[in-house]
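The values are calculated or read from the model by the stated rules, or taken from the named source; none is laboratory data. In this text the structure is predicted, and so the values were computed from the model without any measurement. Virtual Cβ from ideal backbone geometry, glycine too; neighbours counted across all protein chains shown. We work out accessible area using only protein heavy atoms, side chains counted, and drop any ligands, DNA or RNA first. Shrake-Rupley method; radii C 1.70, N 1.55, O 1.52, S 1.80 Å.
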Amino acid sequence: MSEFNEFDQQGSVPNRDAGSIISHAFEMYKGVFLYGIVAMVIYLLGGYIIQSVSGFNSASVMDEMRTSGDYSSFNYWNAPGFSMYMGLSSLLGLLLAPLYVGLIYIVNKFNTKNQIEFSDLFIGYRQNFVNILIYSFLSGIISAISISLCFIPFFFVYPFLLLGYPILLFENASATEALGKSFNIAKENYGTLLLTSFLGMIISIAGIILCGIGVILTAPFMMVVMYSAYCAFLGKPRQIMYKP
């Protein structure tokens, strides 16, 4: 069960332009990046366990691709354990979606100057859990279809999904309500959210440059961009006060 703090008047809200939203996200992320790293470490540990269980060795596959020199015709599905790896990875992504919602919750606590607790990272498992899973499943299907179409369409589809998780958290919406509301806002502000999404993605994957390990630091930035975009177009939410 949760309620909203009636006395929450603190916190900043960006303007409705990509530059302001990204700048706001940077300011927020500087205060919560350690929690983002924790979320990424949990995700990577899950991925390591899945590789061990499935028998799929991504490093070995990359070496084989480099040796053959033919990346385009390489058949991933023939790699040992790949199909099981993909299935388990999809399940992991689904089950960790509430963790990303928890990071958004922590960002709002930081923005509204409320005390942050480590357990806040897991609020998505206590509040609106089923709808978060359903939304993650639906958005995952939409993303997978767009990525399968030569990947580029994904960049144009993603803005329609950008506000879904914050809506699920702060408005306790159903999965379809969150998807519909996010779509309608993006439809009316598509240019801004397209640029915001693109910049957020670029920054989120920038850590790959640092031998790949840097992605642990940068990848969670996209969740913060979602929060800042929500504030810009729907206003700063009052802080949720969770009561078991």
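Here are the numbers:
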read-out: Rg in Å to one decimal, and Dmax rounded to a whole Å, for segment 72-226 via C-alpha atoms; value: 16.4, 53
read-out: Among 118-125, 48-55, the order from most to least packed when residues are scored by Cβ within 10 Å on average; value: 118-125, 48-55
read-out: Nitroxide proxy distance, nm - points 7 Å out along Cα→Cβ at Phe33 and Leu133; value: 3.4
read-out: Rounded to whole Hz, the Karplus (6.51, -1.76, 1.60) HN-Hα couplings of segment 180-191, x for glycine and proline; value: x, 5, 4, 4, 5, 5, 5, 4, 7, 9, 4, x
read-out: Per residue value of the accessible surface for segment 105-171 (all protein chains in place, 1.4 Å probe), Å²; value: 44
